[in-house]
1. Report, to the nearest 10°, how far helix 36-55 tilts away from the longest principal axis of the Cα atoms in the chain, using its own Cα long axis and a range of 0 to 90°.
2. How large is the convex hull of the Cα atoms of the chain per residue, expressed in Å³ as a whole number?
3. Under unit Cβ charges (Lys, Arg +1; Asp, Glu -1), what dipole magnitude, rounded to 20 debye, does the chain have relative to its Cα centre?
4. For the chain, build the charge dipole from Cβ charges (+1 Lys, Arg; -1 Asp, Glu) around the Cα centre, then report which of ALA26, LEU13, SER50 sits farthest towards its positive end.
Amino acid sequence: MYQAILLDVYGTLVHDDEGAVNDVCAQVADLIAVDPSAVAAEWSRRLEASAEMAYGAG
């Protein structure tokens, strides 16, 4: 029996707005006095880690 159905719509039905992400990274970087690329790298790392955990071993 299925416990869940995962639909990957990222980049298909959900538009990736890189400009908005860059703006948020710049705003956060200003608040914590770091380079925006460091914020973007951490954002990507956490997003990928969340995706890895989302589907489990099965």
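Rule-based calculations on the coordinates, nothing more; no lab input. This structure is a prediction, so every number in the text was calculated from the model and none was measured. Note that each Cβ is placed from the backbone with ideal geometry, even for glycine, and that neighbours are counted across all protein chains shown.
1. Approximately 10 degrees, to the nearest ten.
2. Working: hull volume 5.4 nm³, N = 58.
Cα-based convex hull of the chain, divided per residue, equals 94 Å³.
3. Numbers: 2 positive and 10 negative charges, 52 e Å.
I would put it at about 260 debye.
4. Positive-most Cα among the choices belongs to SER50.
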